[in-house]
Amino acid sequence: MTTLTSLPQERQLVTAIPGPKSLEALKRRTEATSGGLGMAIPVVIERASDAILLDIDGNQIIDLGSGIGVTNVGNAASRVVDRVIDQVQAFTHTCFTVAPYMGYIEVCEKLNSLMPGSFKKKSLLVNSGAEAVENAIKIARHYTKRQAIVVFEHSYHGRTNLTMALTAKNMPYKEGFGPFAPEIYRVPMPYAYRWIGDKATITQDALDMVTHKIEKEIGAHNVAAILIEPIQGEGGFIVPPKGFLPGLSKFAQDNGIVFIADEVQTGFARTGHMFAVEEESVVPDMVVTAKGIAGGLPLAAVTGRAEIMDSSHASGLGGTYGGNPIACAAALGVFETMEAEKLVERARHIGDLLGASLKALQAKYPVIGEVRGRGAMQAIELIKPGTMDPNTEAMNAVVKYCQSKGVLILTAGTYSNVIRFLPPIVITDELLQDALSVLDEAFASL
Ligand SMILES: *Cc1c(COP(=O)(O)O)cnc(C)c1O
């Protein structure tokens, strides 16, 4: 039983944003916390439920970011909270590689059954998306006895040393933080909106470019893994054209290359599938998950073909906190919620509603160059009207306007000109409509 009652799912402002208490608290933030940390909205949060954040001044803010695609089942979802309370009272830690417990095993069983593919699968649990990506690479290299890793333009895979090397964008992720890990090769991404070639043949042209680079510049037999986000997240919700992922997966299979899908942002019902690769029936050898897996408790996973996941020597993989029992309890609550509340279907419904509304805004405001995404993962790319020039100023102005009215939206994009929408998948239609009306006002105010 949850002790706190949930917040009404309504936007309500009682002070300016930020209010006086947040302003005071943010002075302490500046004093106490590293200047290297960013901040999307300048308010301090006291409570949250589902798609509403309550700040310390009493303002109720609509959350269209889910803490970067994490609280898919809603903030402080009751099934998550209840399981976490039970687990924290039972025990808090043993270290799974010291003395195992059922929560870890049950999360892995569930992941194995959810991941596409009829073959036997096994999983490994760690703490963060970046750590999961690192482990996927470790395992793929060990399994193939090869070193090269192929990644894509506009990709994002994390902030640790290896994952910085895998990530495309320099500022803010890499600037001054090198040297970076070797044996990482970046290949073109078919970003349709900004593709300079013939858009009619983009899929085949991109596949030709990628396979040419792999065969002629790296040597396919040297490649351990191809790592790709099925829809790129931080890069700006870039959706690969139909046929690209299947073509890539086939090339990997033909060349003994491990095909890894980074579903950290796209996973767990977000795109209207449990995993985004399902849209085109792509079956990766390994899937990396994190963000939406445990409602905000730190958990991440690598799930893959059993023979790959078993290829490492015993004790070659692990970590002190990986698959912490409380985080596992939360994940089991997430899986339960996704099924009980039919969140895959719900994400499609949100996609229809959000997509249609964003398209209507695009027709009204020429600053919106493109609407793209899938399910509850949608974005708009902003341009200077009549050109293809990125419009960062408009993005910042819209974000600021929405914040001042109590709507939290996030940005993205290689060119810092994308507004992305990642609402909790449990958001009510009414709350989403309210947020969209604020967004409309924001564009009107430009
Ligand atoms: C966020 C993200 C990561 C990194 O996850 P962290 O938990 O922040 O380390 C990796 N890949 C993708 C696609 C992501 O969106």
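The values are calculated or read from the model by the stated rules, or taken from the named source; none is laboratory data. Quantities reported herein were computed from a predicted structural model and do not represent experimental measurements. With ideal geometry, Cβ positions are generated from the backbone for all residues, glycine too; neighbour counts draw on all protein chains shown. The protein model used for the area step is the full one, side chains on, heavy atoms only, and it has no ligands, DNA or RNA in it. Shrake-Rupley method; radii C 1.70, N 1.55, O 1.52, S 1.80 Å.
Taken one residue at a time, the phi angles of region 310-316 give Karplus couplings (6.51, -1.76, 1.60, θ = phi - 60°) of 8, 6, 6, 4, 4, 6, x Hz. Gly and Pro are set to x.
If you run the Gaussian network model on the chain, springs between alpha carbon atoms under 10 Å, then out of 32, 16, 181 the most flexible one is 32. Normalised by the number of residues in the chain, the average gap of Cα pairs under 8 Å and 6 or more apart makes the relative contact order 22 percent.
Output the pairs from 121/342; 169/250; 120/242; 21/174; 169/199; 122/145 with a Cα-Cα distance over 31 Å in this structure; if there are none, say none. Over 31 Å Cα-Cα: 21/174. For region 80-340, the fraction of 1.4 Å probe accessible surface lying on carbon and sulfur atoms is 54 percent. Spacing of the modelled spin labels on residue 171 and residue 82, each 7 Å from Cα toward Cβ, amounts to 5.0 nm. Summarising the amide proton neighbourhood of residue 300: residues at separation of 5 or more, or on other chains, whose placed amide H is nearer than 5 Å comprise 126, 127, 128, 323. Taken over the C-alpha atoms, region 304-432 has Rg and Dmax values of 19.9, 59 angstrom.
Suppose a student asked you for the relative contact order of region 80-340, using Cα pairs under 8 Å spaced at least 6 residues apart; what percent would you report?
This gives 31 percent for region 80-340.
Full extension of the chain segment joining residue 349 with residue 310 gains 10.1 nm, where the gain is 0.36 nm per residue of separation less the Cα-Cα distance.
Give me the aspartates and glutamates in straight-line cross-link reach of residue 110: C-alpha distance below 13 Å, same-chain residues under 8 apart excluded. Output for residue 110: 336, 339. Protein heavy-atom accessible surface, 1.4 Å probe, per residue over region 80-340: 39 Å². Calculated on C-alpha atoms, the gyration radius of region 80-340 divided by its Kirkwood radius gives an Rg/Rh of 0.97. Whole-Hz Karplus values for region 55-63 come out as 8, 6, 8, x, 7, 9, 10, 7, 9 Hz, taken residue by residue from phi with 6.51 cos²θ - 1.76 cosθ + 1.60 and θ = phi - 60°; glycine and proline positions read x. For the chain, the square roots a ≥ b ≥ c of the C-alpha gyration tensor eigenvalues yield an a/c of 1.5 or more together with a/b not exceeding b/c, which makes the shape oblate.
Considering only 81, 124, 9, and ranking their Cα positions along the charge dipole of region 1-141 that arises from unit charges at the beta-carbon of Lys, Arg, Asp and Glu, the one farthest toward the positive end is 124. Think of it as helices only: each DSSP H run of n ≥ 4 in the chain is worth -39500 (n - 2.57), and spread over all residues that comes to -11000 deg cm²/dmol at 222 nm. Within straight-line reach of residue 405, meaning a Cα separation under 15 Å, sit the following aspartates and glutamates at least 8 residues removed in sequence or on another chain: 10, 55, 57, 63, 434, 440, 441. Accessible area ranking (1.4 Å probe, heavy atoms, ligands and nucleic acids excluded), largest first, for 280, 24, 441: 24, 441, 280. Taking every C-alpha pair closer than 8 Å and separated by at least 6 residues, the mean separation divided by the residue count of region 230-381 gives a relative contact order of 24 percent. Of the residues 294, 246, 171, the one whose Cα sits farthest towards the positive end of the charge dipole of region 80-340 is 171 (charges of +1 on Lys and Arg Cβ, -1 on Asp and Glu Cβ, taken about the Cα centre). When the chain is treated as a GNM with alpha-carbon contacts under 10 Å, the residue of 378, 433, 403 showing the greatest mean-square fluctuation is 433. Dipole size of the chain about its Cα centre, with +1 on Lys/Arg Cβ and -1 on Asp/Glu Cβ: approximately 600 debye, rounded to the nearest 20. Quick one: Cα centre-to-centre distance for region 1-58 and region 147-190, in angstrom? One Cα centre to the other: 33 Å. When 392, 320 are compared by accessible area of protein heavy atoms, the largest-first order is 320, 392, using a 1.4 Å probe.
Largest GNM mean-square fluctuation across 349, 221, 313, computed for the chain with C-alpha springs under 10 Å, falls on 313. For residue 138, the aspartates and glutamates whose Cα comes closer than 16 Å to its Cα, not counting residues fewer than 8 places off in the same chain, are 183, 262, 285, 307, 310.
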